[in-house]
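Asks: The following block contains the structure, expressed as structure tokens.
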Amino acid sequence: SAAAPTLLPHPSDLQLGGIDGLYLNGHTLIAVQNGTIPNRIIAVTLDATLSRAESWKPLEVNNPDFGDPTHGLIFNDRFYFIAHAGWDNLGDDGKPKPNASFTPPEIRIIDLRN
């Protein structure tokens with residue numbers, strides 16, 4: 001039988017809320033956080049058993065060129081993700097906010113080898 005889900009133990013300075021995409025690359029989780037202020041993409045280093053976050057670092061924080069970042073994938077040590085998802089321009093009713101400025105979505109890349 002499967003184990004019950006539990007919260008990943010992590011350093012007290014790491015906020016894990018607002019994640020809209022989580023990707024495992026070896027012993028590192030890449031997380032897109034567009035439900036936080038500021039929006040960010042972080043790398044979380046896990047222990048050898050992949051059961052505890054040991055450290056973390058920001059890869060991109062509050063980049064105005066990303067708009068509202070969202071889902072991605074890892075390929076050849078690069079993280080490809082969608083920038084300008086547009087959700088930040090929509091109200092709770094799903095309609096555009098007054099004076100919304102839409103930027104077309106685009107694929108952005110972060111080199112994970114650094």
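The values are calculated or read from the model by the stated rules, or taken from the named source; none is laboratory data. Treat the numbers as computed from the prediction; the structure is a model and nothing was measured. All accessible areas refer to the heavy atoms of the entire protein, side chains included, with ligands and DNA or RNA removed. Shrake-Rupley method; radii C 1.70, N 1.55, O 1.52, S 1.80 Å.
Asks: Gap in Å between the Cα centre of the stretch 7-35 and the Cα centre of the stretch 37-73?
Replies: Taking the Cα centre of each part, the stretch 37-73 and the stretch 7-35 sit 6 Å apart.
Asks: Right, another one. Per residue, how much accessible surface does the chain expose to a 1.4 Å probe? Answer in Å², no decimals.
Replies: Roughly 64 Å² per residue, with all protein chains present.
Asks: How much of the accessible area of the chain, probe 1.4 Å, is carbon plus sulfur, in whole percent?
Replies: It is 54 percent, rounded to a whole number.
Asks: Same structure, new question: Quick one, can you get me the convex hull of the C-alpha atoms of the chain expressed as volume per residue in Å³?
Replies: In the chain, the Cα convex hull volume per residue is 140 Å³.
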